[in-house]
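Since the structure comes first, as structure tokens, the remarks are kept for the end.
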Amino acid sequence: MPDIGRRAAQTLVILTVFAAVVVPAAAQSTALLDEDAGSTISATATVVGTAEGINFNETDTASAAVTGDMTLSLFPLDPPFDGVTLQAMNVSAANLNFEYCLAGFGSVCLAGADVVVTGLDITLLSPTSSDLSVAGDAEFQAAHLHITGTATVTGTGLVADLNETLPIDITTNATQSAVITTAGGVVTFTGLVFPEVSQVIPPEDLPSGVSALAIDLSVNAANVSFSGPHQPALLGDLDADADIDAADHAGFVECLAGPGAPIDIPCPLVDFDFDGDVDLMDYAAFVRAGD
């Protein structure tokens, strides 16, 4: 019994002393990126359907300027980095203009449609992490992307009375890949590969005279790049918002696996004693950092 009491007292002393230790300043770099000048996407859209009894399957390609921003957390603090968390991503494209010939005679288009896509926005709904190769290759598994916009369809030729607006609202969990490089304190995010998406227009949203319509969209982002400086972030700041709060506490609980248990990104941010695990010793320091 006395031994138990002594061990408890020793443990209390260890935790008290550890909590008073000065917390290391940083363990990651946070990069805030914006689109580089000249960033453009090329989108190819295929429409398949039936209008006025005529079946069609047409493809057209359009290009547009891109704007956007993203936040990365890079591990460890300094290059070469071996891990990254994509905290947030928002990519918007200017108007995309597509033209389709739905029915023709020789080289003459008898019935067609012009489709203008506006408000095209691709947003990451939740953070996603990846290892980084020496070349900076990243692969974000099951990235939760939300694609929204509006497609305005106007008819030409025999369907000139066509003028409809269709909503674009697609959520995908496809793998997102990119290339992340660093030079001179600047992080560059390129090689973005968007998943191909498909949408079948519900009957209630179909343009007049159209009995079936499906749209397949693929985006070539080879000419898109984002860049910005990386800077230290607080140890314990799991959501990279420059503070330690309740959201970080919730993340700590998810990382808390106990002594000797392996940890994955972003949990090294709460490994305060740098011993490769997240345990109660780290929790004492986390509480101190939050104060």
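The values are calculated or read from the model by the stated rules, or taken from the named source; none is laboratory data. None of the values given here were measured: they were computed from a predicted structure. Glycine also receives a Cβ, built like all others from the backbone with ideal geometry; neighbour counts cover every protein chain displayed.
Among residues of the range 263-291 that are surrounded by fewer than 18 Cβ atoms within 10 Å (Cβ to Cβ), those with a beta-carbon under 6 Å from a residue that is assigned to a helix (DSSP H, G or I) at least six positions away or on a different chain give the pairs 273/281; 288/19. Scanning the range 202-215 for residues that are surrounded by 15 or more Cβ atoms within 10 Å (Cβ to Cβ) and modelled with pLDDT of 80 or more yields 213, 215.
Before we move on, is residue 47 under 24 Å from residue 162 (Cβ atoms) and either modelled with pLDDT of 85 or more or part of a strand (DSSP E or B) (or both)?
Yes; evaluated as a whole, the condition is true for this residue.
Taking each residue of the range 39-60 that is more than 27 Å from residue 91 (Cα to Cα) and looking for partners that are β-branched (Val, Ile, Thr) and surrounded by fewer than 17 Cβ atoms within 10 Å (Cβ to Cβ) with beta-carbon atoms closer than 6 Å, six or more apart or interchain, yields 57/48.
Given the options 198, 177, 211, name the one that is of a type outside the set (Asp, Glu) and in contact with a Phe, Trp or Tyr (Cβ under 8 Å, 6 or more places away or on another chain).
Working: 198 fails: in contact with a Phe, Trp or Tyr (Cβ under 8 Å, 6 or more places away or on another chain); 211 fails: in contact with a Phe, Trp or Tyr (Cβ under 8 Å, 6 or more places away or on another chain).
On inspection, the qualifying residue turns out to be 177.
Selection within the range 95-112: residues that are within 30 Å of the chain's Cα centre (by Cα) and surrounded by 15 or more Cβ atoms within 10 Å (Cβ to Cβ). The member of this set that is farthest from residue 159 (Cα to Cα) is 96.
Looking for whichever is at negative phi and either within 23 Å of the chain's Cα centre (by Cα) or not assigned by TED's automatic domain parsing to the domain that holds residue 71 (or both) here; the options are 183, 214. Which one fits? None of the other options fit; the residue is 183. The strands (runs of 3 or more DSSP E) found wholly in the range 104-200 and carrying at least 1 residues that are within 24 Å of residue 57 (Cα to Cα) occupy 108-124, 145-157, 163-172, 197-200.
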